[in-house]
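The values are calculated or read from the model by the stated rules, or taken from the named source; none is laboratory data. A quick note: this is a predicted structure, and the numbers were derived from the prediction, not measured. For neighbour counting, all protein chains shown are included, and Cβ atoms are generated from backbone atoms with ideal geometry for every residue, glycine included.
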Amino acid sequence: MFTTVRYFIKTSLIFLVIGILTGLYMSFTRYVFQLGYTQEMISAHTHLILVGSVMMMIMGVALWFFPRPEKDDKKYNPNLILVTYWLLAGATALRFIFQITASFYYIHWVNIAIAIFSSIQVAAMILFFYSMWGRIRAVGSQYREAKGEKF
């Protein structure tokens with residue numbers, strides 16, 4: 001397992017723990033202290049788990065398991081993958097922080113920052129899968145399928 005894969009997977013696990021702790025906070029806030037929480041808190045919790053944990057885990061495992069790029073693959077670029085990691089990890093963390101802030105205070109520029117970080121998350125995922133596109137291919141299985149093997 002190479003370094004960039006470990007970045008994706010370990011960051012995914014960190015985001016999962018923070019997301020679970022946020023959910024625990026929300027549970028105590030509602031059921032023990034009889035208080036509520038805002039849609040911003042729900043969004044922060046959801047995006048941290050779905051984008052920060054699930055998507056980063058999927059991306060890391062895909063990077064690890066998919067076939068190596070072909071020699072003439074012009075789309076795959078390990079440096080671009082590393083850039084997408086930093087963009088996604090940073091935007092996810094900052095979106096979470098700003099959404100938690102927005103759940104307690106209304107500050108207009110914080111809402112604008114949330115929209116910007118959301119856009120960066122989307123762009124990073126698109127860049128990642130654009131770069132990985134050529135690695136989504138059959139490697140040997142097409143020959144076994146041609147012989148009639150089912151799997």
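Within segment 86-99, is even one residue assigned to a helix (DSSP H, G or I) and farther than 15 Å from PHE117 by Cβ?
Looking for residues that are assigned to a helix (DSSP H, G or I) and farther than 15 Å from PHE117 by Cβ, one finds none in segment 86-99, hence no.
Please determine, by comparing only the residues of segment 106-128 that are of a type in the set (A, V, I, L, M) and under 20 Å from VAL61 (Cβ atoms), which one is surrounded by the fewest Cβ atoms within 10 Å (Cβ to Cβ). My answer is ILE126. For beta carbons closer than 6 Å, sequence separation of 6+ or different chains, a first residue in segment 103-116 that is under 14 Å from ALA91 (Cα atoms) and a second that is assigned to a helix (DSSP H, G or I) and among the aromatic types (Phe, Trp, Tyr), the qualifying pairs are VAL110/PHE98; ALA113/PHE98; ILE114/PHE98.
Would you say SER131 is of a type outside the set (D, E, K, R) and surrounded by 15 or more Cβ atoms within 10 Å (Cβ to Cβ)? Yes: the conditions hold for SER131. VAL61 passes every criterion in (1) closer than 14 Å to PHE8 by Cα; (2) of a type outside the set (S, T, N, Q); (3) within 11 Å of the chain's Cα centre (by Cα) apart from (3). TRP109 passes every criterion in (1) closer than 27 Å to ARG135 by Cβ; (2) at pLDDT 95 or above apart from (1).
Would you confirm, using the coordinates I've provided, whether MET55 is surrounded by 15 or more Cβ atoms within 10 Å (Cβ to Cβ), among the aliphatic types (A, V, I, L, M), at pLDDT 95 or above and under 23 Å from TYR130 (Cβ atoms)?
Details: surrounded by 15 or more Cβ atoms within 10 Å (Cβ to Cβ): yes; among the aliphatic types (A, V, I, L, M): yes; at pLDDT 95 or above: yes; under 23 Å from TYR130 (Cβ atoms): yes.
Yes; evaluated as a whole, the condition is true for this residue.
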